[in-house]
1. Extending each Cα 7 Å along its Cβ direction at A:K468 and B:L569, get the distance between those two points in nm, one decimal.
2. Suppose all protein chains stay in the model; what accessible area per residue would a 1.4 Å probe give for the range A:487-560, in Å²?
3. Would you tell me the accessible area of A:V403, worked out with a 1.4 angstrom probe on the heavy atoms of the protein chains, in Å² to the nearest 10?
4. Compute the whole-percent fraction of alpha carbon pairs in the range A:361-445 spaced more than 15 Å apart.
5. With the Cα gyration tensor of the protein assembly as shown giving a ≥ b ≥ c as the square roots of its eigenvalues, does the rule (a/c under 1.5 for rounded; else a/b larger than b/c for prolate; else oblate) give rounded, prolate or oblate?
6. Show me, for the range A:519-536, the HN-Hα J-couplings you get by feeding each phi into the Karplus relation (A = 6.51, B = -1.76, C = 1.60, θ = phi - 60°), rounded to Hz, glycine and proline as x.
7. Please label the shape of the range A:6-131 as rounded, prolate or oblate, based on the square roots a ≥ b ≥ c of the eigenvalues of the alpha-carbon gyration tensor (a/c under 1.5 means rounded; beyond that, a/b larger than b/c means prolate, else oblate).
8. Need one number: nm distance between label points at A:I520 and A:Y55, each 7 Å from Cα along Cα→Cβ, rounded to one decimal.
There are 2 protein chains.
Amino acid sequence: MPWPQNITLNEGSFTLSSSFKVTISGIVNPRIFVGTTNFLRRLDGRTGMFFSQGYIKDINEDPSAQLQINSLKKGVVGINQDESYKIEITSNKITIDATTDIGVLHALETLLQLLQNNGDSFYFPNVIISDFPAFTWRGLMIDVARHFQPVDVIKRNIDAMAAVKLNVFHWHLVDDQGWRIELKNKKKLTELASDGNYYTQEEIKNIVEYADQRGILIVPEIDVPGHATAILTAYPEIGSKYLKEPNEQKQSQYKIERNSGIFRPTLDPSNPETYKFLSEVFDEVCPLFPAKYFHIGGDENEGKDWDANPVIQKFKQKNNLKTNHELQSYFTLKLVPMLKKHNKEIMGWEEIMNDKMPKGTIIHSWKGSNEGSPAGESLVNAAKEGFKTILSNGFYIDLMQSVNDHYLSPIIPKETVLSKEEKDRILGGEVTMWSELVTSKNIDSRIWPRTAAIAEVFWSNEKDINLKSMKKRLQFVSNRLEELGINHIKNKKMILRNISNYQDVSSLVDLSNICEPLKIYTRNKGGTEYQTYSPFTLFADACTSDASDAIDFNEVVDNYLQDKSPKNLNRVTEYFKKWIFMHSDLIKLSENAPLIKPILPLSQSLSELSTELLAVLELNKSADKSLFNKLLINCNSRNHADVELVIGDSFKKIIDNIN
Amino acid sequence: MPWPQNITLNEGSFTLSSSFKVTISGIVNPRIFVGTTNFLRRLDGRTGMFFSQGYIKDINEDPSAQLQINSLKKGVVGINQDESYKIEITSNKITIDATTDIGVLHALETLLQLLQNNGDSFYFPNVIISDFPAFTWRGLMIDVARHFQPVDVIKRNIDAMAAVKLNVFHWHLVDDQGWRIELKNKKKLTELASDGNYYTQEEIKNIVEYADQRGILIVPEIDVPGHATAILTAYPEIGSKYLKEPNEQKQSQYKIERNSGIFRPTLDPSNPETYKFLSEVFDEVCPLFPAKYFHIGGDENEGKDWDANPVIQKFKQKNNLKTNHELQSYFTLKLVPMLKKHNKEIMGWEEIMNDKMPKGTIIHSWKGSNEGSPAGESLVNAAKEGFKTILSNGFYIDLMQSVNDHYLSPIIPKETVLSKEEKDRILGGEVTMWSELVTSKNIDSRIWPRTAAIAEVFWSNEKDINLKSMKKRLQFVSNRLEELGINHIKNKKMILRNISNYQDVSSLVDLSNICEPLKIYTRNKGGTEYQTYSPFTLFADACTSDASDAIDFNEVVDNYLQDKSPKNLNRVTEYFKKWIFMHSDLIKLSENAPLIKPILPLSQSLSELSTELLAVLELNKSADKSLFNKLLINCNSRNHADVELVIGDSFKKIIDNIN
């Protein structure tokens, strides 16, 4: 995963032995040595073979090696590069051919996914693969403003991105809740608006290099003119807030935001100091990032402080700017030359689009049905109007939706008619991980494994998008992500151990496997129940989307309804019995664990419904449909512990089928 | 843990509510704000209460707060400081009084350990504690040369150190296998001798600050003149190796070491360039570390290259140096003024001791029975000869011994007669984590929880050293270490999942709970079976000392032998049945997991012995002692998978008792 463009499976296989070695030929960047050494260590770790080859430091180190890697020229990390590769595996030789070392890195990831085993050995199937991406921009955005994410979180997620052939890390560095990047000439930003949580410039350079070694481009985002509370906490003088009384101080108008939502603080587009400030910021930030693109945000500026400020209103009139959108466009256009100076193209959320923008601009399409727009509307509009564009709508993984929803969400809306030129302007897609409700302890479980499936949407041929096949492969990929250092699997029980007060967590695991966190902005309603410093160690934070037992139970119920054999009935009633036991066990555990209390109403509702259904299905008690429906309503409640039981539909099918 | 010096438990308790707040008064360093904010977040995380108080940034923020912290003066992180504190908890108020903010940090850790709960709430028992350390130097050394440990490993271990009131982090930065510290004036060291794995100076400053905020002093070590392969890989010209042929190149004589052991490469004490090099190194390293002490290693120099070099022999003669120890003393004394220049006292392993050393020197005592010396011999000698000294013998946690051994190992050898002055020169103890056989994935499970018990040896009153009480509390502390971010619990199953090829790991867990890694230098014999780049993802790497089921089984057996009731018999035979099932399950799993194969001989031996004993004890089959003993020998084998079953003694007791 992502599924390659072309595969030919042949007879036989290449069996791995401890004498396995790699050699590299051609014209390459040093990144290929890092990549190949890492490849060997990962193969070492999985197989326990501990190959003798240590650090690969040069080309042509061992011409007799079984894995021969050839690369024609040095690769550049960026957009519209040749990322293709070929792998040929025969029983005694593996060959990788790629135009550049970036293609080689992709090939090594494919190879690691191809490894099979029986009881005695590890082997690669004999196969010929030729592969290249469907879209050139395959991104993941991480918001480090709302919850800061330390360097090791960023690095391990870059590793995981590379494993599924994503190639752009979009770093959302600034928002109302924090400024996260050290500026040597504007120290106030981190002193007053970061709570000490920010990246030093050296850390940023180090991460940029780390990403480059893995073939990943980093695009920074400084979100303006809205989402500016953190900036204005440090530099209130460039804010739009109008002070009615002469003795009011702008300083007191802004303080770093602790809640979630859309807030008023906005840069003042009528103040020349605003542009001086931004120009100086770009002068310091741009050189840290080699990428040709710079994301300036531009989203969700509701203009309330603009409307309330007579100076800004006067400025609008004077400049013949009729709407706030025109005012924002005026603002955005002022930034273009500041970035051009550093050879950067401007990029922003779809709100920045206006007809005066240079055609190199990238429009980041994000709105969809939650915002009252058709999905991808701005993407298609941007492409038609001559802009480059990428899509994030459909890939908002913070909404805690099923992987199915994201996987079946295409980049180009179905039945869109576009010319070849227009289509070429659609560069790809980007997964967005907004961080209102995550910490470094559970962010991995929000990003992975779902992002691996989305990576397939970005890379693979549309004809190979196959839900059933993906679901099967996703489990495998998920395990491999743990091997790489992603902690989505192990941290679940860690959170549950804390909740259980270090008692046996089996029953908590059972419940978590049928519960999912509240979805699509229904958790932390109003944005004030939790603060940015809330640690999120609750039951909901251990739960994930695509709860595993819920999926299995649904299948078990479908099988039973199709064929009411004793065996199929038994599989259904086993779940009921498990959940009845689970509830009584949770009650017992809760006597020494206050954090279990809030989830008991859910396990109780489930236990009651299970008991009733068990009596009907196993003991032939007569069914009381109204009781069933009442109990089902309790099970479907979203009022407990920020989670919902996701087995309601399966239960409804059983109940509807009775009598 | 560590047990406080004085505790008075009173009636009643302070119940935590979500309105809980903290206020601070007195004269303090900023570290108290970081410490108190972290305290609130940890309490938040454990209780799920998510207090409204965010970042504490000043004194006297809320005089009505329930937790009142008072500190008299600013604390300095270092040796021989006042670290005492008092806590008084009443039903509606908690008061912490300490001389300095360092004492306050200790008090907050104690408070976190005092938190209790019932089914409904979290509370602190009403108590009065006054506390101070038995020894002023309470250290943990981590070797980052043999296996590099990234910044996040160091930081989380500093957190854990603070949690158990350790106060010195000894950073072993250089050894034969790598140079781990960026020098801007000697870039070759990291370019040629680090494999890219080193700390930048900014990272070091950041870690020093991080440690300082937690009350922890960092003492760096640059190990010379032996253990110098990495240095000489970059600067061969200062090596002692004698070149017989005029066309031989020193360059080719040294290359970075991949194995473990004691190696010949040694700095040349007769070459003035050696001292110039070291002086320049100290000039760059010293300013990074505020500590008054600098560790120059000095251990395990066997002098082979000195003996073989006629130039060095001539130098010895000329300077009237009779032995290699005298030559090394000559070398060491040359370093004293280089460090004095930076206001640093010299510190080194016990081999540096000689009668010309200044009395401020700290002698680091490490040899013991493994090296043919009585434990603590050099500690006592150093104290008697007027040097300051600390002890590491007995605290070598890389040897994988039981926590009991370390806990019952006192700092001052029993029955030693010392004057008060001599006793005062014994500053304390230091745990050593040598890293031949660890990676960042399992190092936590080697350090913790055993180091928490050793911390009690360093801090608490000798009369409170109580094995049974410690073992009970250690489980609790171990869980709290996970809360802090230590991954000793969760990474065990992660390694086992890899070994099982992501099948059910229950049987592997069962086996790992009665297996321990080979101890005291018996794993990786000769130092060449594994290399520094071996990833250590094997079964032995998931096992730890103090295997939990082995301890429980021993108790079960003792109970049975004391009272052969059916209930006690049943507890014994349940283990036998579990292990018989475990073996058959492991066979099944191994059909899809080659890494399980190497452990099957052990589970088979155990299964066979269990089967025989079950037949005798449950079915009254007549006992065949010679068969028992044969099977027991198989169980006691150390020839499989780098581990040993640690239930042999318990089995022997049963067998001896039959008939």
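The values are calculated or read from the model by the stated rules, or taken from the named source; none is laboratory data. Since this is a predicted model, take the numbers as computed values, not measurements. FYI the Cβ positions are ideal-geometry reconstructions off the backbone, even for glycines, and counts take in every protein chain you see. Side chains are part of the model used for accessible areas, which takes the heavy atoms of the whole protein and leaves out ligands, DNA and RNA. Shrake-Rupley method; radii C 1.70, N 1.55, O 1.52, S 1.80 Å.
1. Label-label distance for A:K468 and B:L569, simple model: 5.6 nm.
2. Details: 2320 Å² over 74 residues.
Accessible area per residue: 31 Å².
3. For A:V403, solvent-accessible area is about 0 Å².
4. Distances greater than 15 Å cover 59 percent of the Cα pairs.
5. Here the protein assembly as shown falls in the rounded category.
6. Listing the rounded values in order: 9, 6, 6, 8, 8, 6, 4, x, x, 10, 5, 10, 10, 4, 9, 5, x, 6 Hz.
7. Verdict is oblate for the range A:6-131.
8. 5.2
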